[in-house]
Structures are given as C-alpha cells and as structure tokens.
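Report on the following structure.
The values are calculated or read from the model by the stated rules, or taken from the named source; none is laboratory data. Please read these numbers as outputs of a predicted model, since none were measured by experiment. Quick reminder, even Gly has a Cβ in these numbers, built from the backbone with ideal geometry, and neighbours come from all protein chains shown. Please note that ligands, DNA and RNA were not included when accessible areas were found on the heavy atoms of the full protein model with its side chains. Shrake-Rupley method; radii C 1.70, N 1.55, O 1.52, S 1.80 Å.
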Amino acid sequence: MKRSTIAKTFTFVFGAFALGIVPTATAQDKGCSNATLRGTYAQKGTGYITAPPDQAGPFANVGTLVFDGNGGITGGLVISLNGDSASVTETGTYKVNSDCTGTYTVQIAPLGFSSSASFVIDDNGDEVQIIVTDLGGVITCVAKRLFPGRAI
C-alpha cells in the first residue's frame, strides 16, 4: 500500500512538472535590476592601499551613496589614507545584473581619478556589499539604505 502511494505521488509530481503546472523559478522572479538600488545609502569602507609605494598604507572612508534607480550614482565621502583625510565627491554609473551582482565606476573629485567596484545586493536591496577592483588597493565597503524597506 505504501509503495503504491509513493508511486502515485511521484507520478503526479513528475506529471505536474512535465505539463508546466508547477511554476518554475526564473531570474525575473527573484532577479535584480538597476531599479533595485534606489535611494540614499550610508557607506563605510576599510582596507589598504598597496601602490604606488609612496601612498601605501591603511585606508578608510565613510559617507553616502545615492543610487537613482536608472544607473546613476553620486556620493559624498570623507576618506582617510595614512591618517590624512579629505572630503571627496563621486559621480558615475552602475549596472545591476539579474543575479543581484553588479559593477560601478565613479569619478572622484577633486582628486581627479576614477575608481571601479564590484558588488552584490542583499537584504532585499537594503544593503550592498562592495569590493573596489582598482589595482593597488584592497578595499571592501558596506552600504546600507538609510531608510530600510523603502526607496527614497
């Protein structure tokens, strides 16, 4: 009797999948897009600059990043390198993949250089884990939406 019930259950489940009755997960169901990142995020980062040698040393930053939901990013940060600090602004673009990973590139003023990063979105878009991908540094950051659960 037990074998018959298992066989019937297996046949039903297999048939449901074969006929498409059971919904399948797609990237669209759980995926992300540029619109996933929208609003102001408090961001902090730490790491180490390795090159050029005259600038090598500990690095930290804190500030805000604003994602516009359409691929534009701006920010205002205070950075510290070897104990010297400066206020900077960032302006650039970002791209979110359907698997909730992405990249961004920003121009940093008034220092006059660009920086690139890779990231992964978590907590339903309320948090972003970031690693700077520029040569000559090892920097990780966490950005958390200022008002979790809602885009501003």
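Using a cut-off of 14 Å between beta-carbons, work out the net charge of the residues near Gly71 (Lys and Arg +1, Asp and Glu -1, Gly71 not included). Walk me through the intermediate numbers first.
Details: positive: Arg38, Lys95; negative: Asp68.
Value of the local net charge: +1.
Express the accessible area of segment 92-151 per residue in Å², computed with a 1.4 Å probe while the remaining protein chains stay in the model.
For segment 92-151, the per-residue accessible area is 54 Å².
By the scheme Lys and Arg +1, Asp and Glu -1, what is the net charge of all other residues having a beta-carbon under 13 Å from that of Ala42? Intermediate values should be presented prior to the final figure.
On the way: positive: Lys44, Lys144, Arg145; negative: Asp126, Glu127.
That works out to +1.
Given H placed 1.01 Å from N in the peptide plane, which residues other than close sequence neighbours of Asp134 have an amide H under 5 Å from its amide H?
Ser116
For Ala117, what is the net charge nearby, where nearby means another residue's Cβ is under 12 Å from its Cβ and Lys, Arg count +1, Asp, Glu -1?
Cβ neighbours under 12 Å give a net charge of -1.
Mind listing the long-range amide H neighbours of Gly72? Cut-off is under 5 Å, sequence gap 5 or more, other chains count too, H placed in the peptide plane at 1.01 Å from N.
Tyr94
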